[in-house]
Amino acid sequence: MKKLSLSLLVLSTIWNTNAQDKKNLVLPNENLIAENIAPISKELAQKVKKYAESRGAGLVAVHPTKDEIIISTRFGSTNQLHKVVQALGDRKQITFFDEPVAGASFEPTKGEYVIYSRDAGGNEFGQLYKLDLKTLQSTLITDGGRSQNGGVTWKKDGSGFYFSSTKRNGGDRDIYFMNPNDPTSAKLVLEVKGGGWGISDISEDGKKLLVGEYISANESHIWLLDTTTGKLTEVTNRNDKSIVQSDASFSKNPNEILFTTDRENEFQRLATFNLQTKKITYITSDIPWNVEGYDLNEDKSKMVFSTNEGGLNKMYLMDTTTKQFKVVPNLPIGLLGGAKFTKDGQNIFFSQSTPDSSSDVYKLNMKTNKITRWTESELGEMQKEDMSKPKFIEWKSFDGLNVSGFYYPAAAKFSGKRPVMINIHGGPEGQSLASFLGSSNYYTSEMGVALIYPNVRGSSGFGKTYLAKDNGFLREDSVKDIGALLDWIAQQPELDKDRIMIMGGSYGGYMTLATAFHYADRIRCSVDVVGISNFNTFLKNTEEYRRDLRRVEYGDERDPKMYAFLDKISPLNNTDKIKKPMFIIQGTNDPRVPVTEATQMRDKLKAQGNQVWYLEAKDEGHGFRKKANVDFQRLAVIRYMEEYLLK
């Protein structure tokens, strides 16, 4: 007798349906392991489809000689690279893989080929490939093994690039140089200790690199590498603790660099650093928010930078000689992606989304301030009236701290108190923004569920003091912020305090599990996506290149006191307090939060008789990226909500 796949075996056992009924059901594909999931009708799938077909476009690279860009967007299963040569022109696909393609970089003199990164099955071991833009043939140019490769930084003459790689030992992120026309030329130029190193900029003559060393969300340093001698010199003081110093670039002044820092300030400001006198001059002190990214034009006379102002972005233009800057006018309120100057410095390409539109690419003319749309991504059958708009909310936590988030109301057509989904971001130093909901508009528009995206303590964007408030032994204070949010919900006349679901991914998955046992009597159900169930097993099994970086945030489990604390607060050791249904979702190849974090939680909950749904994708890592998997996950979550939140 031919064996059924695990997913079908489980489904055939649980659903106990005949062949005719199965024709009316959505079954998981061969890459999905689905356990205890209720039947999903094709009728539901058709209803959800209206919300599930939107796509966005993100700016990837600007051609060095032509008015031409590369974007990332999805037409099939995954995001791939596409070429666009005019405003609202055809998006010509140039990569065709089952796996998503990440960032790409043009060869800087003629732009006849690009270097891009791609991993396998979500394992995040990104390999570099050379893509010939005439033949569309790709050639692997890195080792193809269990290494991470990225941070491509070209020499200006196009003779090769520097990049970072963990290939030496899997844990340390060293710096290499390669001529991509001869991959065997790759040579080690800087050996380091730690997984947080990366290239920030290269000098005009290619003889110096600015290199960043990331310690944690609260601390980073800048170094200068002489590529001819291999000598590494401190720029910032390595003994400085709890200061962010990052995103360094060479400026017009040969003795000066530009960078962002939260030194002497709550937020990250643009600043200059004099390499001779060590003097720091702050530029954006008048903006009480983080500067999140910037780009310089070819002669370094102009800069474009963006700020994160309470979960929304603004774009500014600056004259680097006078240090005078002004906000870009007539930009819709929303979120910005990367911004890049054209070679001639006359235009800036950037990507932006708004609460009622997904990400698209635009072009700003520096002289006229005219903004031209270059891509227009389809939203499926969704209309503007189907989309919920975010409202900023704020509540006081147990210690009087103000905590905030974004609230997306249920559609006005629903009457009575509305059930609530609380969706907690990862990181933990991530941030929930005033985002386009995309397919999640189904929850508000068709299910009448209100959504809340909180920024508990430890979130970025609210100053470095707030960012550090969940570190180490303070971990559970962030869980108490959710407890305070439950109090806030109970005070809202339009929300139903008795129908609340908690959902989150990665660190947000830990928060989901922790809320499930701390506030078991105040929630209906939970959905844990690639979440940490035990900090000690997580730190033991996460990939080596990130282990020390995570210890700085969560605590070093090699310290007996910290080990005991992490053991005490880990959801896996508190399953006896979890009383409500749990849905656990995981990628088999996750290098960050290993699959064992999910399976050990699933097995323990099942053993004690809890209601547990489980979904695992064998071809995914830290979250689902392939459309078929994403679609099934969405449908399964909707069915779970129908069963345990709405009934």
Listed values (1) 24.4, 84; (2) 24.8, 79; (3) 28.2, 94, entry calculated as Rg and Dmax of the Cα atoms in Å: (2)
Give me the net charge for the shell around Gly212: Cβ to Cβ below 12 angstrom, other residues only, Lys and Arg +1, Asp and Glu -1. -3
Applied in sequence order to the stretch 63-77, the curve 6.51 cos²θ - 1.76 cosθ + 1.60 (Karplus, θ = phi - 60°) yields integer Hz couplings, x standing for Gly and Pro, of 4, x, 10, 10, 7, 8, 9, 10, 10, 10, 7, 10, 10, x, 8
Please identify every one of the GluC sites (Glu not before Pro) in the stretch 109-215 that sits in a loop by DSSP and has no more than 14 other beta carbons within 10 Å of its own beta carbon. Glu112, Glu191, Glu204
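What is the packing order of peptides 248-260, 609-621, taking the mean over residues of other C-beta atoms within 10 Å and listing the highest first?
By packing density, highest mean first, the sequence is 609-621, 248-260.
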Calculated from DSSP helices alone, with each H run of at least 4 adding -39500 (n - 2.57) and the total divided by the residues of the chain, [θ]222 nm to the nearest 500 comes to -5500 deg cm²/dmol
Please report the projected area of the stretch 53-110's Cα convex hull averaged over all directions, in nm². 4.1
Please list the non-local residues whose amide H lies under 5 Å from the amide H of Met366, H modeled 1.01 Å from N, same-chain partners needing a gap of 5 or more. Asn347, Ile348
Note, the stretch 317-327: 3J(HN,Hα) by Karplus (6.51, -1.76, 1.60, θ = phi - 60°), whole Hz, Gly/Pro = x, goes 10, 9, 8, 6, 7, 8, 6, 7, 9, 8, 6
Between beta-carbons, use under 9 Å as the cut-off and find the net charge around Gly122, counting Lys and Arg +1, Asp and Glu -1. -4
Span from the the stretch 300-375 Cα centroid across to the the stretch 583-642 one, whole angstrom: 38
When we measure straight from the Cα of Lys155, which lysines land under 20 angstrom away, once same-chain ones fewer than 8 places off are left out? Lys66, Lys110, Lys130, Lys187, Lys207, Lys208, Lys231, Lys252, Lys300, Lys340, Lys343
So what's the gap between the Cα centers of the stretch 493-527 and the stretch 41-96, to the nearest angstrom? 34
Ordering of 261-268, 439-446, 329-336 by burial proxy (mean other Cβ atoms within 10 Å per residue, highest first): 439-446, 261-268, 329-336
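Sorted by average packing, counted as other Cβ atoms within 10 angstrom per residue and highest first, what order do 74-83, 179-188, 422-431 take?
Answer by packing, highest mean first, reads 422-431, 74-83, 179-188.
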How long are the semi-axes of the equivalent ellipsoid of the stretch 490-637, defined as square roots of 5 times the Cα gyration tensor eigenvalues? Whole Å, largest first. 24, 21, 14
Please label the shape of the stretch 328-398 as rounded, prolate or oblate, based on the square roots a ≥ b ≥ c of the eigenvalues of the alpha-carbon gyration tensor (a/c under 1.5 means rounded; beyond that, a/b larger than b/c means prolate, else oblate). oblate
Whole-Hz ³J(HN,Hα) for each residue in the stretch 376-390, computed from phi via Karplus 6.51 cos²θ - 1.76 cosθ + 1.60 with θ = phi - 60°, x for glycine and proline: what do you get? 9, 7, 6, 10, x, 9, 5, 10, 3, 6, 7, 9, 7, 9, x
May I ask you to give the average projected area over all directions of the convex hull of the Cα atoms of the stretch 65-175, in nm² rounded to one decimal? 7.3
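For Gln633, what charge total do you get from the other residues with a beta carbon under 12 Å from its beta carbon, if Lys and Arg give +1 and Asp and Glu give -1?
Net of charged neighbours comes to +2.
No lab work stands behind these numbers, since they all come straight from the coordinates. This is a predicted model, so every value here is computed, not measured. Because the Cβ atoms are built from the backbone with ideal geometry, glycine has one as well, and the counts that use them run over all protein chains shown.
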